Amino acid sequence: MGIASGIQKSGTIASYLYKGDCLEVMDELINEGVKVDAIITDPPYGIDYQSFRTKREKLQNDDNLDWVEGFTTRCSKLLKHGQHLYCFVDPEYSPEFILGFRQNGFKIRNLLSIPRGGSKGVGGDRIFQQQNEFCIFATLGKKSEGRKFNQTQILKPSEVYLKDKRYQPKEWLYRLPDVWHWTKASEHNSANKLHPTQKYVPCIEDMLHISTNENDLVLDPFMGSGTTGVACKNTNRRFIGIELNDNYFKIAAERLNL
Ligand SMILES: C[S@@+](CC[C@H](N)C(=O)[O-])C[C@H]1O[C@@H](n2cnc3c(N)ncnc32)[C@H](O)[C@@H]1O
């Protein structure tokens, strides 16, 4: 397999990890004819983030969004038609991502709102405290071509719905809202914390249960500490993860026992 210089890969059939720039690695995957069943990712938001408390090092490529157009183009070439994409975004810079995805054939279906969990945004007297994370949910292709959700029991129907005749047929009971109030987006438990913007494994598992089947292939081009990979492993999905930073790549490989 021809791999661009500077890119390392390691893995098994179940999880494949690439260390390098995701734009280059995605080009390699496209050249090899790879197609994935879902993309779940948490890219740099373009906000030059540094933790207020820990002052840990800044994320690479978080000080500009020049790469968004190239990233969204490659996503459209790698995702199977009709399949689902989840991409976490910051409210201020979400338009760049939405436009990029839309221009590349995605239909934007929702901007999911997911409670951040333990830590809230600082807020103040000039800005509201941010209590949710936002995540673009999109399908590749036209509205009518989007993959249907798997029937899931993530939400148990309430007694009120059960008595309401409008909620027939029964599967309507499981219609999921765009506010994911039953979970949280970020890992805040310091014992589990391996990355400054680490996502919460059960939240990503819910995305997998809704949008993929066992054995499906899932891509995270900005995997950080490999949270999407861990969720894939826990739910028997195959995974391709890409990370530029040596340290986070090593952490992801360890989490996935590679
Ligand atoms: C927001 S973090 C993802 C955190 C991840 N969701 C987790 O739970 O650990 C984004 C990651 O993208 C990486 N990154 C930035 N530019 C990249 C690029 N061009 N190719 C691959 N990874 C990149 C950063 O090093 C960072 O770890």
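The values are calculated or read from the model by the stated rules, or taken from the named source; none is laboratory data. All values reported here derive from a predicted model rather than from experimental measurement. No Cβ is skipped: glycine too gets one built from the backbone with ideal geometry, and neighbour counts run over all protein chains shown.
Please find, within the range 234-255, the residue that is farthest from the ligand (Cβ to nearest atom) out of those that are out of contact with any helix residue (DSSP H, G or I) (no Cβ under 6 Å at 6 or more places or on another chain) and within 20 Å of Leu79 (Cα to Cα).
The extreme case among them is Asn236.
If you go through the range 222-258 one residue at a time, how many are surrounded by fewer than 24 Cβ atoms within 10 Å (Cβ to Cβ) and not aliphatic (A, V, I, L, M)?
Residues that pass the stated criteria total 15.
Across the range 207-230, what is the number of residues that are away from the ligand (no atom under 15 Å from the Cβ) and farther than 18 Å from Leu258 by Cβ?
So the first thing to find is which residues in the range 207-230 are away from the ligand (no atom under 15 Å from the Cβ), and the list is 209-217.
After this cut, where a residue has to be farther than 18 Å from Leu258 by Cβ as well, the list is 209-216.
So the answer is 8.
Please go through the range 140-150 and pick out each residue that is within 11 Å of Thr212 (Cα to Cα) and surrounded by 12 or more Cβ atoms within 10 Å (Cβ to Cβ).
Of all residues in the range 140-150, those within 11 Å of Thr212 (Cα to Cα) come to 147-150.
Once the filter is applied, which keeps residues that are within 11 Å of Thr212 (Cα to Cα) and surrounded by 12 or more Cβ atoms within 10 Å (Cβ to Cβ), the range 140-150 yields Arg147, Phe149, Asn150.
Is at least one residue of the range 78-85 within 13 Å of the ligand (Cβ to nearest atom) and of a type in the set (Gly, Ala, Ser)?
Applying the first criterion (within 13 Å of the ligand (Cβ to nearest atom)) to the range 78-85 yields none.
For the range 78-85, residues within 13 Å of the ligand (Cβ to nearest atom) and of a type in the set (Gly, Ala, Ser): absent.
If Lys193 meets every condition in (1) surrounded by fewer than 16 Cβ atoms within 10 Å (Cβ to Cβ); (2) of a type in the set (Lys, Arg); (3) at pLDDT 95 or above apart from one, which number is that one?
Unmet for Lys193, out of (1) surrounded by fewer than 16 Cβ atoms within 10 Å (Cβ to Cβ); (2) of a type in the set (Lys, Arg); (3) at pLDDT 95 or above: (3).
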